[in-house]
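Notes follow once the structure below has been shown.
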Amino acid sequence: LAKNFKEPGGQQLDWGNHVHDQMAARCGEKRVALPVDLQMYEPWAAKVLGDTPPENVFVEQGLAMTADFTSTGNFDNDVWLRVKCDLYKTVGDVALAVDWKTGKIIEDSVQLALTAACIFAKHDEVKAVRSTYVWLKEDAESSETFFREDMPIVWRNIWHRIEAMETAF
């Protein structure tokens, strides 16, 4: 995509951006209270944060990996995969990744798997990642748990999609 590309706006996109910005402020280091129009999402923020210290919670993080599955900078020359994680936290050797969703429920575990892969690449100590969509409008969640030792199987199951994208590119 062109560096200057900007997705066209719209009411739904603007709402989604507002929600993401406010949830990031609520769950980030300063733990800012949600505005009145988003108070109904406070239980989700509280549930996700639990008693995790702020230094173990990462909001709106760009994570990236190289083609040999090692962590790299989001815009480094060796980047092969980038993901944007709305929130993830680490507690010992486990992590929770959260993707706030403001639209209708659409299941796609590939995005969850790719987020987990990037967390594994960045955090050697993490052995398991629970990757979760939080469907705010529906007050629901869908999760999948990934274990470091199972990632070769996950990659094998999605590799055909990667090859199709590489061919198209």
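The values are calculated or read from the model by the stated rules, or taken from the named source; none is laboratory data. These numbers were taken from a predicted model, which means no experiment stands behind them. Neighbour counts are summed over all protein chains in view; Cβ atoms, including those assigned to glycine, are modelled from backbone coordinates with ideal geometry. Accessible surface is based on the protein model in full, side chains and every heavy atom, while ligands, DNA and RNA are left aside. Shrake-Rupley method; radii C 1.70, N 1.55, O 1.52, S 1.80 Å.
Quick look at the numbers
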{"quantity": "Filter result (closer than 18 Å to residue 91 by Cβ and among the hydrophobic types (A, V, I, L, M, F, W, C)) within region 7-43", "calculated": "27"}
{"quantity": "Residue that is open to solvent by 10 Å² or more (accessible area, probe 1.4 Å), over 30 Å from residue 33 (Cβ atoms) and basic (Lys, Arg), where the choices are 127, 101, 137, 122", "calculated": "127"}
{"quantity": "Residues that are open to solvent by 50 Å² or more (accessible area, probe 1.4 Å) and in contact (Cβ under 8 Å) with a residue 40 or more places away in the chain, drawn from region 19-39", "calculated": "none"}
{"quantity": "Options 64, 46; residue that is more than 17 Å from residue 123 (Cα to Cα) and either open to solvent by less than 40 Å² (accessible area, probe 1.4 Å) or at pLDDT 95 or above (or both)", "calculated": "46"}
{"quantity": "Residue that is open to solvent by 20 Å² or more (accessible area, probe 1.4 Å), aliphatic (A, V, I, L, M) and farther than 30 Å from residue 40 by Cα, where the choices are 110, 91, 79", "calculated": "79"}
{"quantity": "Residue in region 120-140 that is modelled with pLDDT under 95 and either within 16 Å of residue 87 (Cα to Cα) or of a type outside the set (Lys, Arg) (or both) present", "calculated": "no"}
